[in-house]
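Okay, structure first, notes after.
The values are calculated or read from the model by the stated rules, or taken from the named source; none is laboratory data. What you see is a predicted model; the values in this text were computed from it and never measured. Backbone-built Cβ (ideal geometry, glycine too); neighbour counts: all protein chains shown.
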Amino acid sequence: MFKFFRSAGERFPGARLIVLTREREAALRSLRGSGLSAERVTVASVEPAEVPGWLSQAHAGLAFYRPGFSRRGTCPTKIGEYLAMGLPVVVNRGVGDVEDLIGASGAGVVLPECSPAAYDRALDGLERLWADPALPARCRQVAESICSLALGVERYGAIYRRLEQVPT
C-alpha cells in the first residue's frame with residue numbers, strides 16, 4: 001500500500017494517505033520503513049462509527065491483501081464501506097470475488113500485480129473514473145446491490161434453509 005501511495009504521491013503531489021487500522025503501532029513501524037514522509041500519512045485507530053467521517057475526506061479506497069488460498073473466500077468489509085461512501089476502490093487480484101465485483105462494475109481498478117507499472121496503470125484508471133460525474137452514485141449502487149446487510153441476511157437465510165433440507 002505504501003509503495004502504491006508513493007506512486008500516487010509522485011503523480012498527485014498534494015496526495016495524503018489515511019490508514020485506519022486496529023494495528024496502529026504495526027502500521028507506524030511499516031510507515032517508518034517505507035521511506036514516506038510522515039506528514040503525508042495519517043495512521044489512526046478509530047471506532048467503527050467514526051469511519052464514515054474519515055472516509056468523507058478520501059478520493060479512493062485501497063484494499064490490498066496478500067493473495068492465498070484462504071483469501072479466495074474473503075470479501076473485505078472495508079470494500080463495501082468505501083463503495084457505500086461513493087469511493088472507487090483499488091484492489092489487488094486474488095482476493096475473493098473482488099476482481100469481478102470491482103473490475104466489472106466500474107467502481108474501481110484491479111491491480112494484476114504489485115509493480116510500479118501496474119500502479120501507474122491503476123492511477124490512470126482512477127483518473128478516468130474520477131472524470132465521470134456518475135462515479136459516486138455507481139459506487140453506492142454497487143454497495144447496495146452486492147454488499148448490503150439486508151442482502152447478506154437474505155442470502156445467508158437461503159443457505160440455511162437449503163441446509164435444513166439436506167438429509168442427515
When only residues in the stretch 101-143 that are touching a strand residue (DSSP E or B) at 6+ places or on another chain (Cβ under 7 Å) and of a type in the set (G, A, S) count, which is farthest from G86 (Cα to Cα)?
A118
Among the residues that make up the stretch 71-90, is at least one of them at pLDDT 90 or above, assigned to a strand (DSSP E or B) and crowded, with 18+ Cβ neighbours inside 10 Å?
yes
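Do you know which residues across the stretch 139-148 are surrounded by fewer than 17 Cβ atoms within 10 Å (Cβ to Cβ) and either in a helix (DSSP H, G or I) or over 16 Å from the mean Cα position of the chain (by Cα) (or both)?
Result: R140, Q141, E144, S145.
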Please name all residue pairs, on different chains or six or more residues apart, with Cβ atoms under 8 Å, provided the first residue is in the stretch 10-37 and is more than 19 Å from P116 (Cα to Cα) and touching a residue at least 40 places away in the same chain (Cβ under 8 Å) and the second residue is β-branched (V, I, T) and loosely packed, with under 15 Cβ neighbours inside 10 Å.
I18/T42
Hits in the stretch 91-113 (condition: surrounded by fewer than 21 Cβ atoms within 10 Å (Cβ to Cβ) and in a loop (DSSP other than H, G, I, E, B))
R93, G94, G96, D97, G106, P112, E113
Given (1) of a type in the set (D, E, K, R); (2) within 13 Å of the chain's Cα centre (by Cα); (3) at pLDDT 80 or above, number of the condition D97 does not satisfy:
(3)
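Could you check the stretch 1-31 and list, in sequence order, the residues that are of a type outside the set (S, T, N, Q), assigned to a loop (DSSP other than H, G, I, E, B) and surrounded by 11 or more Cβ atoms within 10 Å (Cβ to Cβ)? Spell out the reasoning first.
Looking only at the stretch 1-31, we keep the residues that are of a type outside the set (S, T, N, Q), and these are 1-6, 8-20, 22-29, 31.
Add one more test, that the residue is assigned to a loop (DSSP other than H, G, I, E, B), and what stays is 1, 12-16, 22-23.
Of everything in the stretch 1-31, those that are of a type outside the set (S, T, N, Q), assigned to a loop (DSSP other than H, G, I, E, B) and surrounded by 11 or more Cβ atoms within 10 Å (Cβ to Cβ) turn out to be M1, F12, A15, R16, E23.
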The lone exception for S34 - which of (1) under 15 Å from R140 (Cα atoms); (2) surrounded by fewer than 17 Cβ atoms within 10 Å (Cβ to Cβ) it fails
(1)
